[in-house]
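As C-alpha cells, the structure follows; a few thoughts come after it.
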Amino acid sequence: MHGDLVAKSESQLNLLVKYFVHGVLFSVIGIVLSFVWLAILIVLVVLGSFIGLLIGFVVLFFFIGGLNSMLTGFIWHVSIKTDWKTILLHGFVLSIAFIVVHIPSLVINLAVPSIITVVVLFVVYAFVDGFVGRRIAGMWQELETPYETVEEADYET
C-alpha cells in the first residue's frame, strides 16, 4: 500500500517536471523562433502587403505547431501526426489556446509591473504552457491502441 502511494507521487512529480520542461523549452525556443519569424514577416509584408501578412501568420502557425510536435515527441515520447495540414491546424489551435490562457498573466503584469512578477509568472506559466501544449498535441497523437487516451499515454512514460 505504501509503495503504491510512493510510486504514484513519483509518477505525478515526473508528470509535473515534464510539463515544466515542455513549457520552458517551448518559451525559450519560441523566443528564438519569433525573431526568425519576424524577419520573415517583414520580408513578406514588404513584398506582398496584406497577402504577405497572411502568409506570415501561416508561417507562424507552422512554427508553433512544428515546435510543439517536436517537443511533445522529445519529452513525452509519443508520435504526433506531422503532415502539413495537421501542423498548420495544430499551430493555429495552440496559438488560440495560448492567447486565452495568457489573459490572466497580462492582467497581472499590468496590475503589478515588476521583474518579480515576470519571473513568478514565467515559472507558473511554464507548467500551464506545458500542460496546454501537451493536451493540444494529444489531439493529433498517433495512438498505439485505438482506445488509449492522452492521460494513459502520459502515465506510461
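Throughout, read-outs are computed from the coordinates displayed, never taken from laboratory work. All figures in this text were calculated on a predicted structure; none of them were measured in a lab. All Cβ positions, glycine included, derive from the backbone under ideal geometry; neighbour counts span all protein chains shown.
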Taking every pair of alpha-carbon atoms in the chain, what share in percent sits in each 10 Å bin, from 0 to the bin with the longest distance? 10, 33, 33, 18, 5, 1, 0
Relative packing of 78-87, 19-28, 61-70, which averages over residues the other C-beta atoms within 10 Å, highest first: 61-70, 19-28, 78-87
Scalar couplings 3J(HN,Hα) for the range 25-30 by Karplus 6.51 cos²θ - 1.76 cosθ + 1.60 (θ = phi - 60°), nearest whole Hz, x for Gly and Pro, are 4, 4, 5, 5, 5, x
For the chain, the longest site-free run once GluC sites (Glu not before Pro) in DSSP loop states with at most 16 other Cβ atoms within 10 Å are removed: 1-141
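Where does each of 122-128, 71-77 land if you order them by average Cβ count within 10 Å, highest first?
Ranked from most to least packed, the peptides come out as 71-77, 122-128.
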Would you please put 90-98, 41-49 in order of how densely packed they are, using the mean number of other Cβ atoms within 10 angstrom per residue and starting with the highest? 90-98, 41-49
